1. Can you tell me which residue in the stretch 35-56 is farthest from residue 88 (Cα to Cα), limited to those that are surrounded by 17 or more Cβ atoms within 10 Å (Cβ to Cβ) and modelled with pLDDT of 95 or more?
2. I need a count of the residues in the stretch 64-73 that are assigned to a helix (DSSP H, G or I) and buried (at least 20 other Cβ atoms within 10 Å of the Cβ).
3. Take the stretch 40-66 and flag every residue that is of a type in the set (D, E, K, R) and farther than 9 Å from residue 27 by Cβ.
4. Quick one: in the stretch 10-34, of everything that is in a loop (DSSP other than H, G, I, E, B) and among the β-branched types (Val, Ile, Thr), which residue is modelled with the highest pLDDT?
Amino acid sequence: MPSTITAYRLYEVIGIAVEVRPDDGEILDADCSLATSVARRFVRDIAVGYKLSDGIDGLVQEIERRYWGSARKAIIMAFRVIYEKFVARKQGKSPEQVERKINCET
């Protein structure tokens, strides 16, 4: 998608915030910066109840199977970052260490 198209700019960066139960990684609540109510509801519905301790692949597969909006890749990437932060926390690392690693890879 050309970078001059509004949809590209709109979904170039999205934010997803989650409330996670630390012991098992269950997502208790979620919200995001997507523009449409359908997309925001989808992110919440698919995330709430998911346990990060089960890995990220199941969540990614559900997103790929059910979400057909322009922001699919951005949503998946955001959840991968959330998962990496959960794993890092379990390993005793700080979220900042994960963010530095991710920023260096992009």
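The values are calculated or read from the model by the stated rules, or taken from the named source; none is laboratory data. Since the structure is predicted, the reported quantities are computational estimates derived from the model, not experimental observations. Here Cβ is always computed from backbone atoms with ideal geometry, including for glycine, and neighbour counts include all displayed protein chains.
1. Filtering the stretch 35-56 down to residues surrounded by 17 or more Cβ atoms within 10 Å (Cβ to Cβ) leaves 39, 42-43, 46-47, 50, 52, 56.
Subsequent filtering for residues that are modelled with pLDDT of 95 or more retains 42-43, 46-47, 50, 52, 56.
On the way: 42: 26, 43: 23, 46: 23, 47: 19, 50: 18, 52: 12, 56: 14 Å.
For the stretch 35-56, the residue satisfying everything is 42.
2. The first filter runs over the stretch 64-73 and keeps only residues assigned to a helix (DSSP H, G or I), leaving 64-66, 72-73.
Filter again for buried (at least 20 other Cβ atoms within 10 Å of the Cβ), leaving none.
Qualifying residue count for the region: 0.
3. If the condition is that a residue be of a type in the set (D, E, K, R) and farther than 9 Å from residue 27 by Cβ, then 40, 41, 44, 45, 54, 57, 62, 64, 65, 66 are the ones that fit.
4. Initially, the stretch 10-34 is screened for residues in a loop (DSSP other than H, G, I, E, B), giving 11-15, 21-25, 33-34.
Now drop any that are not among the β-branched types (Val, Ile, Thr), which leaves 13-14.
Working: 13: 71, 14: 87.
Per the criteria, the residue is 14.
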